[in-house]
Structures are given as C-alpha cells and as structure tokens.
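A.B. asks: I am attaching a structure below and will ask some questions about it afterwards.
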Amino acid sequence: MLRPTPLTSLRPLALALTCVVMAGASASAQTVIVTHAPASGSVELVFNSDHVAAATADANGEATMTFALPVDKSEADVRVSTERCGDVRRVLLVERGLPPPPPAGACDRRDITGFFIVRRETTFVIDVTNPDPIVHLRQGPAPLSWLGRPGTPEHEGINLPPAPSGVYVFGDVGLVNAMNASTVTCGNATSCTAGDLTGIASVGAGYWVTKMFGVQASYMHPAGMKDSGTGDGYTFTSTRTTDLFTITGTVGAPVGGLRIYGRGGVDYQRTTLTTSDTITASGTQNFELKTAGWGWIGAGGIEVWLKPWLAVHVDAGVAKLKGSALGGVEGSIDDELVFATVGARIRLGR
C-alpha cells in the first residue's frame with residue numbers, strides 16, 4: 001500500500017496528458033483591410049506580380065481581402081506599396097529580392113520604407129486617407145481601434161504571437177514525488193519520516209520541426225529525497241539523489257499563441273542511495289548503492305508565447321526509474337517519479 005502524498009493526485013493528470021494526441025490546426029490566411037478608400041470604389045491586392053484579391057469598399061470606405069502564401073512558405077518578408085488610380089486603391093506586397101510590377105497607367109504609387117514579416121495569421125490594416133498611407137500589422141486579428149471603432153481590451157482580447165516552429169532552450173522548476181522510494185527505505189520501521197516529495201529543476205532544448213511535431217531533450221535533477229526513521233534498537237537516515245536524462249517526441253496543437261502538447265520517449269537515470277544505520281548495540285554503519293538504467297517517460301502541458309522569442313509553459317508527467325546496481329554489488333531500483341514544473345522557453349534564431 002502506497003502512502004498518499006500531496007502529489008499523488010497529480011498522477012491521473014500526468015497520465016491523461018501523456019495519452020492525449022493532438023492533431024489538426026485551424027486554417028488561417030493573411031488578411032488585408034483597407035480603410036478610408038472611396039465609398040463603393042474598387043480595392044485590389046497584388047502579391048509579387050499576381051492580382052490575388054479584390055473587393056468593393058463599403059459606405060465607410062472599408063474593404064477586406066484575404067490571400068494565402070505559397071504552400072512551401074510559412075512566412076515572407078515583403079515591401080508594401082499603394083497606388084491611387086482615380087477611385088481605385090491598390091495594395092502591393094512584394095517579397096524581398098523581387099522587383100515590383102510597373103505602375104498601372106498614371107497611378108500614383110507610394111512605397112513604405114522597410115520590410116514587413118507576413119505569416120499565416122498576419123493582418124494588415126492600411127489607411128489610405130492621404131497619398132502616403134499608414135500601415136499597421138499584427139500577427140492575429142486587428143484591434144478595433146485600427147478600424148476607427150475604438151474598443152476596450154475586453155473587446156479586443158489578448159494578442160499573442162503565433163506559436164512558432166524552430167529551436168528553443170528552456171529551464172523549469174517544480175515539484176516531484178517518488179511513488180515508492182520511502183516504502184522500500186522505511187521497510188518495517190516503527191516510525192519513519194518520508195521524503196518522497198521534493199523540488200525539481202530541469203534544463204534542456206527542443207526543436208519544433210513543424211508547429212505540430214517536434215523533439216526534446218532534457219536533464220532533470222530532483223533535490224535529495226531524505227527518509228529517516230527508528231525501529232527496535234536502531235535508527236537510520238537515507239538520502240537518494242537522481243540525475244535523469246530524457247529524449248522525447250512531441251505532438252502539439254497550436255491555437256494562436258497557445259500550444260497544447262503531449263510527449264513521450266525514454267529516460268536514462270543514475271541514482272545514488274546513501275544510508276546511515278545506527279544500531280544501539282554496535283554503532284553506525286554507512287551504505288551506498290548506485291544504480292543506472294533506462295526507463296520511459298510520458299508528459300504533456302501547454303506553452304504560451306508572449307513574444308516571438310519567449311514563452312512560459314507548464315509541464316507534468318511520469319518518469320519510470322529502472323536500473324541495476326553498479327560496481328558489482330547487488331541491488332536495483334524500480335520506481336516512478338510524478339512531476340509538475342513551470343518554466344520559460346527561449347526561441348533561438350529567426
């Protein structure tokens with residue numbers, strides 16, 4: 001019978017997260033909204049040299065158009081230009097390194113300085129009140145205030161950058177609970193103070209190959225778990241330290257700046273159990289058992305991207321510790337660690 005501990009209730013959550021396989025992502029497209037165009041006038045959108053969309057401005061001079069990047073691209077750097085041709089307003093998005101198409105007839109073309117990053121969730125709002133336009137860009141829906149309809153933060157929601165692909169590094173801290181370490185250590189002692197619940201820290205790196213599939217490697221180090229107890233004519237103190245290395249595959253479901261994920265793989269543990277046993281009749285004896293071996297790990301969690309390069313995340317799971325004694329002595333380990341951590345992730349590169 002395992003003694004209940006404060007983290008025992010985490011085990012169903014960790015196992016449930018492990019079993020979840022997330023698939024599918026919501027379709028998205030780039031959106032260009034033109035404001036203050038002539039009412040009922042034509043508004044056109046050109047990407048590189050192709051006319052990709054057209055709309056008619058409403059009574060307020062607003063027109064909305066959508067288009068999609070080429071299927072082999074997840075983002076592009078573009079230069080923005082506008083043209084005024086009578087009652088026609090034209091927006092041109094031209095990728096870095098490509099020449100813009102020639103102006104149409106006697107149209108007045110104005111180029112915006114610099115380049116803009118276009119992703120699957122990008123929204124442009126382009127105000128053409130004056131010949132020199134005003135350009136707003138957001139990775140996600142446009143705030144109402146950009147459309148001349150001021151809204152409160154509650155109306156506009158929280159804007160987060162989309163969950164990215166690419167390489168990241170991370171650091172976590174949290175709590176961990178050993179499921180049966182003290183059960184074995186305490187044995188039939190008259191009284192025993194268990195140290196199954198302790199802190200844990202981890203560091204590692206991962207790579208989201210796509211926004212839905214990735215790999216991750218980590219080093220996890222629980223703080224020392226200390227048990228102490230007394231029996232008939234003896235007292236003892238046992239301390240267990242563990243170094244845990246993990247490699248997992250990850251499946252995620254991005255929703256805007258959030259990504260829910262599950263991961264599973266293998267772990268390699270090295271554990272040292274040190275016991276000081278004081279027998280009233282004969283004195284103190286010290287024992288040390290070192291084990292190493294392979295096990296499995298399953299976990300899951302959620303990450304929230306606050307910036308294109310920074311995310312916070314929570315992670316919970318179960319790691320199986322299994323191994324044999326080192327150094328030619330007898331002994332083994334067969335345990336499970338249930339963990340829950342919080343931390344930060346930093347995306348490397350572009």
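The values are calculated or read from the model by the stated rules, or taken from the named source; none is laboratory data. Since the structure is predicted, the reported quantities are computational estimates derived from the model, not experimental observations. Methodologically, a virtual Cβ is constructed for each residue, glycine included, from the backbone with ideal geometry; neighbour enumeration extends over all protein chains shown.
A.B. asks: Taking the stretch 206-225 as the region of interest, how many residues are surrounded by 18 or more Cβ atoms within 10 Å (Cβ to Cβ) and either more than 18 Å from the chain's Cα centre (by Cα) or within 30 Å of D277 (Cα to Cα) (or both)?
C.D. replies: 3
A.B. asks: For the stretch 303-349, enumerate the residues that are modelled with pLDDT under 95 and acidic (D, E).
C.D. replies: Those that are modelled with pLDDT under 95 and acidic (D, E): E330, D334, D335, E336.
A.B. asks: Assess whether S324 counts as being over 26 Å from T183 (Cα atoms) and among the hydroxyl-bearing types (S, T, Y).
C.D. replies: no
A.B. asks: Now a separate question. State yes or no: is W309 without any contact (Cβ under 8 Å) to a residue 40 or more places away in the chain, in the same structural domain as G233 (by TED's automatic domain parsing) and closer than 15 Å to Y219 by Cα?
C.D. replies: no
A.B. asks: Okay, moving on. Within the group H136, H221, H155, which residue is at pLDDT 85 or above and closer than 30 Å to A63 by Cα?
C.D. replies: Answer to the check: H136.
A.B. asks: Okay, moving on. Being closer than 22 Å to R263 by Cβ and in contact with a strand residue (DSSP E or B) (Cβ under 6 Å, 6 or more places away or on another chain): is that true of G293 here?
C.D. replies: yes
A.B. asks: While we're on this one: In the stretch 122-137, how many residues are in contact (Cβ under 8 Å) with a residue 40 or more places away in the chain, surrounded by fewer than 20 Cβ atoms within 10 Å (Cβ to Cβ) and outside any strand (DSSP E or B)?
C.D. replies: 2
A.B. asks: Quick check on my filter: what residues within the stretch 58-69 are closer than 14 Å to E121 by Cα and either exposed (fewer than 15 other Cβ atoms within 10 Å of the Cβ) or in contact with a helix residue (DSSP H, G or I) (Cβ under 9 Å, 6 or more places away or on another chain) (or both)?
C.D. replies: Matches in the stretch 58-69: A68 only.
A.B. asks: What number of residues in the stretch 71-107 are of a type in the set (K, R) and in a strand (DSSP E or B)?
C.D. replies: Number satisfying all stated conditions: 4.
A.B. asks: From the list R96, R110, which residue is basic (K, R), touching a Pro at 6+ places or on another chain (Cβ under 8 Å) and at pLDDT 90 or above?
C.D. replies: Unique residue meeting the criteria: R110.
A.B. asks: While we're looking at this one, here's another question. Restricting attention to the stretch 227-238, does a residue exist that is under 25 Å from T185 (Cβ atoms), surrounded by 15 or more Cβ atoms within 10 Å (Cβ to Cβ) and of a type in the set (D, E)?
C.D. replies: Yes, the conditions are met somewhere in the stretch 227-238.
A.B. asks: Criterion first (surrounded by 13 or more Cβ atoms within 10 Å (Cβ to Cβ), polar (S, T, N, Q), modelled with pLDDT under 85 and at negative phi) does S145 satisfy it?
C.D. replies: Here the answer is yes, as S145 does meet what is asked.
A.B. asks: If you check R110 against the conditions, is it touching a residue at least 40 places away in the same chain (Cβ under 8 Å) and in contact with an Asp or Glu (Cβ under 8 Å, 6 or more places away or on another chain)?
C.D. replies: No, not satisfied.
A.B. asks: Whether any residue in the stretch 96-116 is in the same structural domain as F47 (by TED's automatic domain parsing), touching a strand residue (DSSP E or B) at 6+ places or on another chain (Cβ under 8 Å), on the phi < 0 side of the Ramachandran plot and polar (S, T, N, Q) is what I want to check.
C.D. replies: Checking the stretch 96-116: not a single residue is in the same structural domain as F47 (by TED's automatic domain parsing), touching a strand residue (DSSP E or B) at 6+ places or on another chain (Cβ under 8 Å), on the phi < 0 side of the Ramachandran plot and polar (S, T, N, Q).
A.B. asks: Kindly indicate the residue of the stretch 296-337 that is over 30 Å from I117 (Cα atoms) and out of contact with any strand residue (DSSP E or B) (no Cβ under 8 Å at 6 or more places or on another chain) and also surrounded by the fewest Cβ atoms within 10 Å (Cβ to Cβ) among those meeting that condition.
C.D. replies: Step by step, filter the stretch 296-337, then rank; the result is G328.
A.B. asks: Being of a type outside the set (K, R) and either part of a strand (DSSP E or B) or farther than 30 Å from D277 by Cα (or both) is the requirement here; does V203 meet it?
C.D. replies: yes
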